[in-house]
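The values are calculated or read from the model by the stated rules, or taken from the named source; none is laboratory data. Please read all numbers here as calculations on a predicted model, not as lab measurements. When we count neighbours, we look across all protein chains shown, and the Cβ atoms used for this are built from the backbone with ideal geometry, even at glycine. Heavy atoms of the whole protein, side chains included, go into the accessibility calculation; ligands, DNA and RNA do not. Shrake-Rupley method; radii C 1.70, N 1.55, O 1.52, S 1.80 Å.
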Amino acid sequence: MPTRILTVEDDERIRTSLKMALEDEGWDVEEAQNGEAALLKFRGNPADVVLIDIGLPGIDGFELCRTLRRISSVPIVMITAREDTHDVVAGLEAGADDYLTKPFAPKELSARIRAMLRRVRTVDPALRSLILGQLDIVPEENVVYIRGERIAVSKTEMRLLTELASESGATLSREELLERVWGLDYFGDSRLVDVHIRRLRTKIERDPANPQLILTVRRQGYKLQT
Ligand code: CA
C-alpha cells in the first residue's frame with residue numbers, strides 16, 4: 001500500500017507544486033481546498049499523513065487540526081506563513097506533530113515526512129504493553145491507561161512517552177528527545193518537545209500544572225517518574 005498524504009491548502013499554485021513534489025517521492029496525494037472538504041475526505045478514507053495550511057477559508061487550520069486529532073492519531077504537519085511563535089505553538093497545541101514555515105523546499109518537506117513515517121512505524125511490535133507504576137502504555141493502540149482510565153494519545157505523543165519510559169527515572173535532554181522522537185537528521189526546535197510534553201501532561205497528570213509523572217529537570221530536560 002503506497003503512503004497516502006492529504007494536503008489541505010486553498011492556494012491552488014502551492015497545492016499543485018506540493019502534489020508534484022510529493023508524487024515525485026512515490027506517495028499518493030489527495031488534495032482538499034478547505035477544512036470541510038478535508039474532513040470529508042479523511043473520514044471517507046484516512047490518509048497516513050496530513051499537511052495543513054493554517055490560513056484556510058472557513059474553518060482555519062488550527063480548528064481542522066483539533067477536529068482531526070479528536071478522531072485520529074494520524075501524523076499532522078502544520079504549514080505556517082511565518083516563523084511566528086504564536087502560530088507555531090498554537091499549531092502544536094492544536095495537536096500537530098511538526099510544522100514547516102513557508103516558503104520551504106519540497107525536499108525539506110519530504111525529509112520531514114519520511115522521518116515522521118519512520119518513527120511512527122518503528123514502534124517495537126514486541127512492546128505490546130508497558131506497565132510502569134500507575135501507567136499502562138499500549139503503543140500499538142496509541143493508548144495509555146492511567147488509574148483505569150483509557151486515554152488516547154497521538155503517535156508522536158506515544159513515541160515521546162515510550163522514549164521517556166524506556167529510560168524511566170533517567171533524564172533525557174530536549175536535544176535527545178528531538179533526535180529520538182523527531183528523527184536524527186532533523187535540527188528541530190525545542191518548542192516541539194515542550195509543547196508535546198505539555199499536551200501529554202494535560203492528558204495523564206492529575207494536575208498538569210503540578211506534574212508528578214513527567215518531571216522537568218531544570219537545565220537538563222525531562223524524566224518520567226512512575
Ligand atoms: Ca492559505
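Listed highest first by mean packing, meaning other Cβ atoms within 10 Å per residue, what order do 7-15, 214-222 come in?
On the way: 7-15: 17.6, 214-222: 13.7.
Per-residue Cβ counts within 10 Å, averaged per peptide and sorted highest first, yield 7-15, 214-222.
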message: Using Cα-Cα distances under 8 Å and only pairs 6 or more residues apart, what relative contact order does the chain have, in percent?
response: 14 percent
- prompt: Based on the Cβ-Cβ distance of Ser17 and Asp60, what FRET efficiency does E = 1/(1 + (r/R0)^6) give at R0 = 22 Å, to the nearest 0.05?
  reply: 0.50
message: List residues of the stretch 39-59, by number, whose backbone nitrogen lies under 16 Å from a label position 7 Å along Cα→C-beta of Asp10.
response: 39, 52-59
- prompt: Tell me, how many Å apart are the Cα centres for the stretch 1-58 and for the stretch 175-226?
  reply: 29 Å
query: How large is the accessible surface per residue of the stretch 4-121, computed with a 1.4 Å probe and reported in Å² as a whole number?
result: 44 Å²
- prompt: Stokes-Einstein at 4 °C, 1.567 mPa s, Kirkwood radius from Cα pairs: D for the chain in µm² s⁻¹?
  reply: 72 µm²/s
- line: The helix 35-44 Cα axis meets the longest alpha-carbon principal axis of the chain at an angle in degrees, between 0 and 90 and rounded to 10, of 70 degrees
- line: Rounded to the nearest 10, the angle in degrees between the Cα long axis of helix 190-204 and the longest principal axis of the Cα atoms of the chain comes to 60 degrees
message: Would you report the distance distribution of C-alpha pairs in the stretch 107-226 as whole percents per 5 angstrom bin, up to the bin with the largest distance?
response: 2, 11, 22, 26, 21, 11, 5, 1, 0
task: Take the Cβ-Cβ distance between Thr216 and Glu167 as r, set R0 to 22 Å, and report the resulting FRET efficiency rounded to the nearest 0.05.
output: 0.90
statement: Residue separation between Asp207 and Glu175 times 0.36 nm, minus their alpha-carbon distance, gives in nm 8.9 nm
statement: With the convex hull built on the alpha-carbon atoms of the stretch 16-134, volume per residue in Å³ sits at 136 Å³
Local net charge near Asp87, Cβ-Cβ under 15 Å (Lys/Arg +1, Asp/Glu -1): -4
message: Per DSSP helix of 4 or more residues, -39500 (n - 2.57); summed, then divided by the residues of the chain. What does that give at 222 nm, rounded to the nearest 500?
response: -13000 deg cm²/dmol
field: Percent accessible area from carbon and sulfur atoms, the chain, protein chains only, probe 1.4 Å
entry: 50 percent
